[in-house]
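The values are calculated or read from the model by the stated rules, or taken from the named source; none is laboratory data. Bear in mind the structure is a predicted one, so any value in this text is a computation, not a measurement. All Cβ positions, even for glycine, are placed from backbone atoms using ideal geometry, and neighbour counts span all protein chains on display. Remember, those area values only see protein heavy atoms, side chains included, never the ligands or the DNA or RNA. Shrake-Rupley method; radii C 1.70, N 1.55, O 1.52, S 1.80 Å.
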Amino acid sequence: MTRMIVDCDPGHDDAIALILAHRHAEVVGITSVSGNAPLAATTANALMVSALLDVDTPVVRGAARPLVGEPIHAALVHGESGLGGVDRIAHERTITSDDAVGYLLDVAQPDITVVAVGPLTNLAHAIERDPTWVKRIAGISIMGGSTDVGNATRVAEFNIFADPEAAAKVFESGAEITMCGLNLTHQFQTSDALTERLRGAGTPKATFAAQIFDHLHDRMEALIGRRASAMHDPCAVLAITHPHLLETEPRAVAVELAGTLTRGMTVVDQRVSRRRDQANAKVAYGIDAERAWDVVMESLDAADPESPNAKNP
Ligand code: BDR
Ligand code: CA
């Protein structure tokens, strides 16, 4: 079974990514990072998801602030708690350690992929401490960046914008990188029909997921007038557990650190003549959204009985 560490800032879509990862991989550990909400909140949310799943995956607290500057959060979408609109689950779980960097370095194995779905601060610290770390793991699957539109700014995606210096270190590290940016995740949208299926399933996992979808739909309706939301972070899990569902191309990716309008942008070399030159990442461009939803909905206890994949998760 695929083995992974999920580095995350839950976060509604992070929570779905954690559920999906535990269904289709051996999740060796979860490391938390400041991002959608402050570190205390994202760590508490990671522990809460592990309680929901009743798994004993270690949760290790990571970085509270980016390499440079002040932390930024995404309360407008995720709420102050990082999981706005979701009922809290009572539990007594605690973190295993507060040294995510030490954990990432110690646990590294050639068959372990790091799925990074928050700002890349923990990973950058690990690379700073031991540049050979990236050669001791299978690779890094990132939800972050974009080949076109941004969300934190007109060209920068949130996870990269929240810590551009960290992202630059990761992209320059020599790691085997897969990048699932907004250009991809915007093709993977939730809907009220999916929420209804989750509600109908009625299990604790499905009910939790229905609350997540509902909250995101309420936020998106208020922000852009549409009850649908890109389900970003699960794409970086699928890139490892179900790679046949994604189309990727080798590309050279750099992170803009200086631009007054473009700080935090992933600059992807898409020139026809140079596309593969100095490629440092597999950039995802396409997803079989229908099949991918079958996989994700099954992990949330809401398999579509009519899907050809329903009996074949
Ligand atoms: C990314 O930013 C966060 O708000 C989401 O959890 C996702 O990881 C999308 O830009
Ligand atoms: Ca995230």
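Restricting to segment 1-32, count the residues that are within 15 Å of ligand 2 (Cβ to nearest atom) and in contact with a Pro (Cβ under 6 Å, 6 or more places away or on another chain).
3
Give the residues of segment 103-119 that are in contact (Cβ under 8 Å) with a residue 40 or more places away in the chain and surrounded by fewer than 18 Cβ atoms within 10 Å (Cβ to Cβ), sorted by residue number. Explain how you work it out, then say what you get.
First, pick out the residues of segment 103-119 that are in contact (Cβ under 8 Å) with a residue 40 or more places away in the chain: 103-104, 107, 109, 111-119.
109, 111 - these are the residues of segment 103-119 that are in contact (Cβ under 8 Å) with a residue 40 or more places away in the chain and surrounded by fewer than 18 Cβ atoms within 10 Å (Cβ to Cβ).
For segment 86-106, name all the residues that are under 20 Å from the mean Cα position of the chain (by Cα) and farther than 14 Å from residue 62 by Cα.
86
Can you name the helices (runs of 4 or more DSSP H) wholly within segment 129-242 that have at least 1 residues being among the polar types (S, T, N, Q) and modelled with pLDDT of 95 or more?
Working: elements: 158-161, 164-171, 182-185, 192-201, 204-224, 232-241.
Counting at least 1 such residues, we get 158-161, 182-185, 192-201, 204-224, 232-241.
Is it the case, given these coordinates, that residue 193 is open to solvent by 10 Å² or more (accessible area, probe 1.4 Å), in contact with a strand residue (DSSP E or B) (Cβ under 6 Å, 6 or more places away or on another chain), of a type in the set (A, V, I, L, M, F, W, C) and away from ligand 2 (no atom under 16 Å from the Cβ)?
On the way: open to solvent by 10 Å² or more (accessible area, probe 1.4 Å): yes; in contact with a strand residue (DSSP E or B) (Cβ under 6 Å, 6 or more places away or on another chain): no; of a type in the set (A, V, I, L, M, F, W, C): yes; away from ligand 2 (no atom under 16 Å from the Cβ): yes.
So residue 193 does not fit the description; no.
Let me spell it out: the conditions are (1) of a type in the set (A, V, I, L, M); (2) without any contact (Cβ under 8 Å) to a residue 60 or more places away in the chain; (3) open to solvent by 10 Å² or more (accessible area, probe 1.4 Å), and residue 124 meets all of them except one. Which number is the exception?
(3)
To keep it simple, each residue is scored yes or no on (1) within 16 Å of residue 237 (Cβ to Cβ); (2) more than 16 Å from ligand 1 (Cβ to nearest atom).
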site	(1), (2)
101	no, yes
116	yes, no
122	no, no
128	no, yes
135	no, yes
140	yes, no
149	no, no
152	no, no
156	no, no
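Name the residue that is farthest from ligand 1 (Cβ to nearest atom), counting only residues in segment 1-19 that are more than 11 Å from the chain's Cα centre (by Cα) and among the hydrophobic types (A, V, I, L, M, F, W, C).
Restricting attention to segment 1-19, the residues satisfying the condition of being more than 11 Å from the chain's Cα centre (by Cα) are 1-5, 19.
Keeping just the survivors that are among the hydrophobic types (A, V, I, L, M, F, W, C) gives 1, 4-5, 19.
Values: 1: 24, 4: 16, 5: 16, 19: 14 Å.
Within segment 1-19, the match that is farthest from ligand 1 (Cβ to nearest atom) is 1.
For segment 32-49, what are the residues that are within 14 Å of ligand 1 (Cβ to nearest atom) and either of a type in the set (Ser, Thr, Tyr) or closer than 20 Å to residue 240 by Cα (or both)?
32, 34, 42 - these are the residues of segment 32-49 that are within 14 Å of ligand 1 (Cβ to nearest atom) and either of a type in the set (Ser, Thr, Tyr) or closer than 20 Å to residue 240 by Cα (or both).
Of the residues 185, 178, which single one is in contact with a His (Cβ under 8 Å, 6 or more places away or on another chain) and either within 16 Å of ligand 2 (Cβ to nearest atom) or in contact (Cβ under 8 Å) with a residue 60 or more places away in the chain (or both)?
Numbers: 178 fails: in contact with a His (Cβ under 8 Å, 6 or more places away or on another chain).
Within the list 185, 178, the selection yields 185.
To keep it simple, each residue is scored yes or no on (1) buried (at least 21 other Cβ atoms within 10 Å of the Cβ); (2) within 24 Å of residue 108 (Cα to Cα).
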{"residue": "7", "(1), (2)": "yes, yes"}
{"residue": "12", "(1), (2)": "yes, no"}
{"residue": "15", "(1), (2)": "yes, yes"}
{"residue": "43", "(1), (2)": "yes, yes"}
{"residue": "60", "(1), (2)": "yes, yes"}
{"residue": "75", "(1), (2)": "no, no"}
{"residue": "87", "(1), (2)": "no, no"}
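For the structure I just gave you, tell me whether residue 100 is touching a helix residue (DSSP H, G or I) at 6+ places or on another chain (Cβ under 8 Å), within 16 Å of ligand 2 (Cβ to nearest atom), open to solvent by less than 50 Å² (accessible area, probe 1.4 Å) and in contact (Cβ under 8 Å) with a residue 12 or more places away in the chain. Explain how you work it out, then say what you get.
Values: touching a helix residue (DSSP H, G or I) at 6+ places or on another chain (Cβ under 8 Å): yes; within 16 Å of ligand 2 (Cβ to nearest atom): yes; open to solvent by less than 50 Å² (accessible area, probe 1.4 Å): yes; in contact (Cβ under 8 Å) with a residue 12 or more places away in the chain: yes.
Against the criterion (touching a helix residue (DSSP H, G or I) at 6+ places or on another chain (Cβ under 8 Å), within 16 Å of ligand 2 (Cβ to nearest atom), open to solvent by less than 50 Å² (accessible area, probe 1.4 Å) and in contact (Cβ under 8 Å) with a residue 12 or more places away in the chain), residue 100 qualifies.
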